[in-house]
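The values are calculated or read from the model by the stated rules, or taken from the named source; none is laboratory data. The model shown is predicted, which means the values in this text are computed figures rather than measured ones. Here Cβ is always computed from backbone atoms with ideal geometry, including for glycine, and neighbour counts include all displayed protein chains.
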Amino acid sequence: MKIIAILSTVFTIIKLSISNCYWSENCHYKYFSSKTPYEFVRGDIRDSFVKIKGCYAISVWSLVRHGKRNPGIDYVQNMLDATTMKYTIKFNHENGKGSMCAQDVENLYNWEADPKLFQNVHQIADEGYQEIFGIGYRIRKAFKDLLKSLDDKDYKLRSAYGAWIENGVKAFVEGFGNTSMIIEKSNADYDIMAPYEACSFYVKEVKNNMKTYLEENKYKNTSEYLAVKKRIQQRTGMDFTLTNKNITGLYDLCRYTSSGLNNTLSPWCAIFTKEDIQALEYVGDLRHFFRNSYGNPINEIFGRIPLADLLERFKTAKNGKGKKLTVYFTHATMMDMVYSALGLFKDEIPLNGTFRNPERKWRSSKTATFAANLMVTLNRCSNGESTGYNVVFYMNEEPLKSICNEGVCSWEDFEMKLKPFINTTTAFC
Ligand SMILES: *[C@@H]1O[C@H](CO)[C@@H](O)[C@H](O)[C@H]1NC(C)=O
Ligand SMILES: *[C@@H]1O[C@H](CO)[C@@H](O)[C@H](O)[C@H]1NC(C)=O
Ligand SMILES: *[C@@H]1O[C@H](CO)[C@@H](O)[C@H](O)[C@H]1NC(C)=O
Ligand SMILES: *[C@@H]1O[C@H](CO)[C@@H](O)[C@H](O)[C@H]1NC(C)=O
Ligand SMILES: *[C@@H]1O[C@H](CO)[C@@H](O)[C@H](O)[C@H]1NC(C)=O
Ligand SMILES: *[C@@H]1O[C@H](CO)[C@@H](O)[C@H](O)[C@H]1NC(C)=O
């Protein structure tokens, strides 16, 4: 009797010590906040563009976040430190510590960093170039009649300031199929696609204000987040207490070294469970919510500025003098601000650090994914004698259904929504 009892305890312990294998699971959670590869969330404008009887597009306006870029200087060191853990994890595994399965440990051990990842700090990555190339390519195909041949006066391409964004525009024109296209010079001081950058009030009161990050820090003290840390500690078998910086380094390794285009997830992701990745995504959501969105009433004011441009350009296009194509290239911050100005993805109860609501509407993995984009088309419709107009919104190449009827706004609805944004001033800056 005693022997059986002992045996069964031994069996239980062995069973518990082997956790799930990442490599053989086939349903991974692939939303990594603002570092989500575009391929994991995008639709395809060639398939999704809304065909309405008697209507055809006369103007396309788009705001596009840069594609995947390498980590910035603040994060590179954390990541480099964390890479050394692959040796410790292997050593621990061989000594019966940690709970990762053999193949996951081996895949991690065999992983090698692409040197460009750490050397070309904050620069566009190859994958980021491809992400934007794809958008240029698909826009041209989806609106082939409108965009077949473009004179200089028919289009406008401008990027916010920053080499990693500007280099991406080259990818766009390459994908579009006309590398002779003229790209306007970016403006380092002020631009409608990054008006917050030049606003010292915003920089001081929001971006660099510790209060902005209070809920995020609060969340990192919740039992839910502490459990994430504990699980990672157990899986890796580390004999020192992992700090928040160590977790960030590991998470960044997972998300930056996953590839959307190759549809491969990094072996670093094996350190995390689905719940861990969801908790880390929420940290990103809180950050974006307070720094760029509803968490501070200033944020949405900036979002009105590009939307006022959209209204003006479509008004001009309606009168027959507009551009066929307008594309602005920008930052995640601006994408978040624009969605906020439109009142989209707004939760009734603001996000907070006490409780992660799995049903929340605000998702940085969608609004601010790499190459996140808002595309809007102006359509002219004629039925017999009368001519009318409508406007269709697309988010990441899918109709943005929550804005109007299935993404299709009548001209009147569109004008009513955007009119209040004309004359937006940032005098408070
Ligand atoms: C863990 O983080 C601390 C700072 O928080 C850092 O000094 C240390 O190098 C990190 N260790 C690893 C293995 O990443
Ligand atoms: C390519 O771009 C150049 C510069 O704007 C323009 O002159 C030319 O017509 C474009 N070609 C096509 C096929 O649109
Ligand atoms: C989180 O907990 C740490 C350690 O107990 C404490 O120093 C810090 O002030 C807490 N942060 C917040 C935002 O509650
Ligand atoms: C994708 O796969 C190709 C071919 O195997 C490889 O050359 C490329 O580096 C991979 N890209 C990424 C971002 O992993
Ligand atoms: C946090 O948000 C949840 C809803 O997601 C709400 O029920 C809760 O009251 C909020 N907590 C605080 C402290 O605001
Ligand atoms: C914007 O300002 C101009 C000039 O002051 C004014 O004529 C116009 O009515 C204003 N538009 C809106 C929508 O406030």
Checklist entry - Can you pull out the helices (runs of 4 or more DSSP H) entirely within segment 114-233 that have at least 3 residues that are modelled with pLDDT of 95 or more and basic (Lys, Arg)? => result 126-142
Item to check | Flag for Ser266 being of a type in the set (Gly, Ala, Ser), in contact with a Cys (Cβ under 8 Å, 6 or more places away or on another chain), surrounded by fewer than 23 Cβ atoms within 10 Å (Cβ to Cβ) and under 30 Å from Leu108 (Cβ atoms) | outcome: yes
Item to check | Residue pairs meeting the criteria (Cβ under 9 Å; at least 6 apart or on separate chains; first of a type in the set (A, V, I, L, M, F, W, C), in segment 212-224; second away from ligand 4 (no atom under 16 Å from the Cβ) and at pLDDT 95 or above) | outcome: Leu214/Phe290; Leu214/Gly353
Next on the checklist: Residues that are assigned to a helix (DSSP H, G or I), more than 16 Å from ligand 6 (Cβ to nearest atom), touching a residue at least 60 places away in the same chain (Cβ under 8 Å) and not β-branched (Val, Ile, Thr): does segment 235-243 have at least one?
Outcome noted: yes
Checklist entry - If we only count strands (runs of 3 or more DSSP E) wholly inside segment 310-429, which ones have 2 or more residues that are crowded, with 21+ Cβ neighbours inside 10 Å, of a type in the set (S, T, N, Q) and more than 16 Å from ligand 5 (Cβ to nearest atom)? => result 325-330, 373-383
Next on the checklist: Every residue in segment 377-387 that is under 30 Å from Ser340 (Cβ atoms) and out of contact with any Phe, Trp or Tyr (no Cβ under 7 Å at 6 or more places or on another chain), please.
Outcome noted: Thr377
Checklist entry - Gly284: at pLDDT below 95 and either under 26 Å from Phe172 (Cβ atoms) or of a type outside the set (Asp, Glu) (or both), yes or no? => result no
Next on the checklist: Just the residues that are farther than 23 Å from Arg304 by Cα and either of a type in the set (S, T, N, Q) or free of Cβ contacts under 8 Å to residues at least 24 places away in the same chain (or both), please, taken from segment 171-198.
Outcome noted: Asn178, Thr179, Ser180
Item to check | Within segment 46-105, considering residues that are within 30 Å of Gly384 (Cα to Cα) and in a strand (DSSP E or B), the one nearest to the chain's Cα centre (by Cα) | outcome: Trp61
Checklist entry - What number of residues within segment 158-169 satisfy the criterion of being under 16 Å from Ser62 (Cα atoms) and surrounded by fewer than 21 Cβ atoms within 10 Å (Cβ to Cβ)? => result 2
Checklist entry - Can you tell which of Leu261, Leu253 is within 16 Å of ligand 4 (Cβ to nearest atom), touching a residue at least 60 places away in the same chain (Cβ under 8 Å) and part of a loop (DSSP other than H, G, I, E, B)? => result Leu261
Item to check | Given (1) closer than 17 Å to Ser33 by Cβ; (2) free of Cβ contacts under 8 Å to residues at least 24 places away in the same chain, number of the condition Ala332 does not satisfy | outcome: (2)
